[in-house]
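The values are calculated or read from the model by the stated rules, or taken from the named source; none is laboratory data. The model shown is predicted, which means the values in this text are computed figures rather than measured ones. All Cβ positions, even for glycine, are placed from backbone atoms using ideal geometry, and neighbour counts span all protein chains on display. With ligands, DNA and RNA removed, areas are computed over all heavy atoms of the protein, side chains included. Shrake-Rupley method; radii C 1.70, N 1.55, O 1.52, S 1.80 Å.
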Amino acid sequence: MELPEECWESIFSFLEHHRYFEPLSLVCKRFLSITNHLRRSLTITDPTLESLPHLLLRFPNLTTIAFRDFHGNLDSVLSLISQSGLPLTSLDVSCHKCFPLLGLKCLASKIRILTELNCSNIGSLKDSDLIEIGNCFPSLEVVDISYPDHGCGFSPNGSLDSKSFSGLVTDYGILGLASSLRRLRKIDLSGNTFITDQALVSLSSNCMFLTEIGIRDCDFITQNGIALAIRKTGNLKSIFMNGIGIPSIDVCFLDSFSYARSLCELDLSNSFISDELLCLVAEANLPLNKLVLSRCFCFTFDGIYFLLSKYQSLAYLDLEGANFLNDESIIELAKFFGNLTFINLSLCSKLTNSTLFNLMGNCPLLTIINMERTNLGVEAFPAEIVVNPRVKSLHLGWNNNLNDECMKMASYVCPNLEVLDVTYCSGITEEGILEVLKSCVQIRCLEISRCQGVNNLELDFELPKLEVLQAEGLAINDEALASIGKRCGRLSRLNLEGCLNVTARGVEGVIVNCKALKEMNLRWCNNVSVDIVAWMVLSRPSLRKITLPCGSVPTANQRNFFLRHGCLVCQG
């Protein structure tokens, strides 16, 4: 009995990412048609450009388009997209040299239902651009204009260069944007250093549905302005800022949290906060589920203990750089961690193995643990070790004392581990890494760059889920690389930068066996001949980016030839 298309669509929709559609699309024409219609997002890069008209026809239901590492004419591509008739709702043009004003106007003439626009890190963003955004896309609900790149507008001595300077984002531009975007829910203003409290007044007065504001590195926004925004924005659920408490914390800022009845996420990174502030936040009885105090100063264990005792529903906690924390204090705090799914304790230099394994044993919902640059590898393991199948990601980089014994214990405690990052952990050898890989068959991403103790990594077992391998600076040779190619059939990204023992023979083993390979970094692999690159591109059609060994520069003709085959070849 043949299933109707609706049933197949329902089944395929359970796949967590569209990259899994590719093998399905090769089964039959029917599956190709179904997966084409289910595809919702597209990332445009330089290699994509030549086939873009075909892709826009092939995927008629795209709602999200993002540009990444794109160096072409953004205006002309947006004009092409405007003719496609796509039901586009989200567009990301971040990190581009110039604001694509003409392209966005062309897009707006055909598609006015855009609800999300990311213009972060755009070169020379100015007030008139914001006003045009508001006029073109009045339905926008999410806008990111953070950290505009005005580097070209400053002379070497740091003063404004009037010849190349084209303008800034000021309060006037924010007012024009806010006046047009009545449905705005989220906006990130971070890095716009010339806006003031008046920008927050404009947003809180005009955007009644505003729930999230980002104002990191906005030097002229004061605590008084933030307090006013919190008081006037009744629906505010998330606010992220930094630099609070310099030179001191204003009373109006302290009092404002009693008005933030809907606040769920609070980020005070890089601030001078106090126990008094933490206590006032605790007593405000907010519906808080995310708290970020990364690299904050002047608060103590008593302040954070009181706050966490009031917010035992927290799911996300970032205490990076809280150097007063030790293993004993974490045991005390852990009784409030029953609902935590994420914790960051990086740069807490007094924390050892005891903290890591006590967290795993006492936090049943924890899925992501960050403990980079701590003191892991020191002290004995807790007497009682509890298996935690919920832990998916461990980020433990830059822990020089971390050793194979700790790795083996982690693999036992976290059998469902998917992401492991032990970058720059010099005490780990291939024995510890292999033990993890044997025990944790769900591993998707392994980052072991600059682990000086890993001299080789020959595999004699399958790694069916591994997609990303960061192996920068390792002493692996061709035999090990060939074994990785044979055992890691789903590998899509491989970083071999600085692997001096690798030659073309090892690279060939990966290219032949890894049919899903998309990116390979060979920078500083000086024993790999560039003559192999053309064979790589032609032999593995899935390749989208190759970084050449240092000193190798593709000619314009070679670059264009590789681009026509869908692969960007970069200078090493």
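Of the residues making up the range 356-384, those that are open to solvent by less than 50 Å² (accessible area, probe 1.4 Å), modelled with pLDDT under 90 and closer than 17 Å to Ser411 by Cα number 2. Annotation for the range 55-70: at least one member residue is more than 30 Å from Leu189 (Cα to Cα), assigned to a helix (DSSP H, G or I), at pLDDT 90 or above and open to solvent by less than 30 Å² (accessible area, probe 1.4 Å).
In this structure, does Asn224 turn out to be surrounded by fewer than 21 Cβ atoms within 10 Å (Cβ to Cβ), in contact with a Ser or Thr (Cβ under 7 Å, 6 or more places away or on another chain) and in contact (Cβ under 8 Å) with a residue 24 or more places away in the chain? So Asn224 does not fit the description; no.
When Arg544, Arg493, Arg505 are checked against the criterion of being within 26 Å of Ser51 (Cα to Cα), among the basic types (Lys, Arg) and at pLDDT 95 or above, Arg493 stands alone in meeting it. Scanning the range 110-132 for residues that are crowded, with 18+ Cβ neighbours inside 10 Å and either in contact with a His (Cβ under 7 Å, 6 or more places away or on another chain) or assigned to a strand (DSSP E or B) (or both) returns Glu116, Leu117, Asn118, Ile122, Ser124.
Residues in the range 81-105 that are open to solvent by less than 70 Å² (accessible area, probe 1.4 Å) and either acidic (Asp, Glu) or not in a loop (DSSP other than H, G, I, E, B) (or both): Ile81, Ser82, Ser90, Leu91, Asp92, Leu101, Gly103, Leu104. Scanning the range 450-471 for residues that are closer than 20 Å to Gly377 by Cα and buried (at least 22 other Cβ atoms within 10 Å of the Cβ) yields Cys451, Val454. I need the full set of residues from the range 247-260 which are part of a loop (DSSP other than H, G, I, E, B), over 20 Å from Ile304 (Cβ atoms) and touching a helix residue (DSSP H, G or I) at 6+ places or on another chain (Cβ under 8 Å), in order please. Hit for the range 247-260 is Asp250, nothing else.
Taking the residues in the range 176-211 that are among the charged types (D, E, K, R), open to solvent by 30 Å² or more (accessible area, probe 1.4 Å) and within 27 Å of the chain's Cα centre (by Cα) as candidates, determine which candidate is farthest from Pro138 (Cα to Cα). Going through the qualifying residues, I end up with Lys186. The residues in the range 312-344 that are more than 21 Å from Val391 (Cβ to Cβ) and crowded, with 21+ Cβ neighbours inside 10 Å can be counted, and the count is 1.
Of the helices (runs of 4 or more DSSP H) entirely within the range 295-382, those holding at least 1 residues that are within 26 Å of the chain's Cα centre (by Cα) occupy 353-362. Could you identify the single residue in Leu325, Leu263, Leu347 that is in contact with a Gly (Cβ under 8 Å, 6 or more places away or on another chain), of a type in the set (A, V, I, L, M) and at pLDDT 95 or above? Being in contact with a Gly (Cβ under 8 Å, 6 or more places away or on another chain), of a type in the set (A, V, I, L, M) and at pLDDT 95 or above holds for just one of Leu325, Leu263, Leu347, which is Leu347. Of all the residues in the range 253-278, those that are open to solvent by 50 Å² or more (accessible area, probe 1.4 Å) and over 30 Å from the mean Cα position of the chain (by Cα) number 4. Counting only residues that are touching a helix residue (DSSP H, G or I) at 6+ places or on another chain (Cβ under 7 Å) and open to solvent by less than 70 Å² (accessible area, probe 1.4 Å), the range 556-572 holds 6 of them. Pairing residues of the range 326-338 that are in contact (Cβ under 8 Å) with a residue 40 or more places away in the chain with residues that are open to solvent by 10 Å² or more (accessible area, probe 1.4 Å) and not in a loop (DSSP other than H, G, I, E, B), at Cβ distances under 7 Å and at least 6 apart in sequence or on separate chains, gives Asp327/Ser354. Comparison of Val533, Val553 shows that the only residue that is more than 21 Å from Thr429 (Cα to Cα), open to solvent by 50 Å² or more (accessible area, probe 1.4 Å) and hydrophobic (A, V, I, L, M, F, W, C) is Val553. Of the residues making up the range 261-292, those that are assigned to a loop (DSSP other than H, G, I, E, B) and not aliphatic (A, V, I, L, M) are Arg261, Ser262, Cys264, Ser269, Asn270, Ser271, Ser274, Asn285, Pro287, Asn289. Output the qualifying pairs, or none if there are none: Cβ atoms under 8 angstrom, residues six or more apart or on different chains, first residue in the range 187-214 and within 20 Å of Ser94 (Cα to Cα), second residue open to solvent by less than 10 Å² (accessible area, probe 1.4 Å) and among the acidic types (Asp, Glu). Short answer, once both residue conditions are applied: none. Only one entry in Ile215, Ile174, Ile221 is of a type outside the set (Phe, Trp, Tyr), over 20 Å from Cys119 (Cα atoms) and modelled with pLDDT of 95 or more, namely Ile221. Taking first residues from the range 391-404 that are acidic (Asp, Glu) and partners that are at pLDDT 95 or above and open to solvent by less than 70 Å² (accessible area, probe 1.4 Å), the Cβ contacts under 6 Å between residues at least 6 apart in sequence or on separate chains come to Asp404/Thr429; Asp404/Gly432. Scanning the range 1-22 for residues that are open to solvent by 80 Å² or more (accessible area, probe 1.4 Å) and of a type outside the set (D, E, K, R), we see that the one that is farthest from Ala556 (Cα to Cα) is Met1. In the range 227-241, the residue that is surrounded by the most Cβ atoms within 10 Å (Cβ to Cβ) out of those that are modelled with pLDDT under 95 and outside any helix (DSSP H, G or I) is Thr233. Within the range 296-348, being acidic (Asp, Glu) and over 16 Å from Ile273 (Cα atoms) holds for Asp327, Glu328, Glu332. Please find, among Asn401, Asn416, Asn388, the residue that is in contact with a Lys or Arg (Cβ under 7 Å, 6 or more places away or on another chain) and either open to solvent by 60 Å² or more (accessible area, probe 1.4 Å) or modelled with pLDDT of 95 or more (or both). Within the list Asn401, Asn416, Asn388, the selection yields Asn416.
When you go through Leu308, Leu325, Leu293 one by one, which is the residue that is aliphatic (A, V, I, L, M), closer than 17 Å to Leu365 by Cα and in contact with a helix residue (DSSP H, G or I) (Cβ under 8 Å, 6 or more places away or on another chain)?
Within the list Leu308, Leu325, Leu293, the selection yields Leu308.
Among residues of the range 72-91 that are under 18 Å from His54 (Cβ atoms), those with a Cβ under 8 angstrom from a residue that is among the charged types (D, E, K, R) and surrounded by fewer than 16 Cβ atoms within 10 Å (Cβ to Cβ), sequence gap 6+ or separate chain, pair up as Ser82/Lys110; Gln83/Lys110; Gly85/Lys110.
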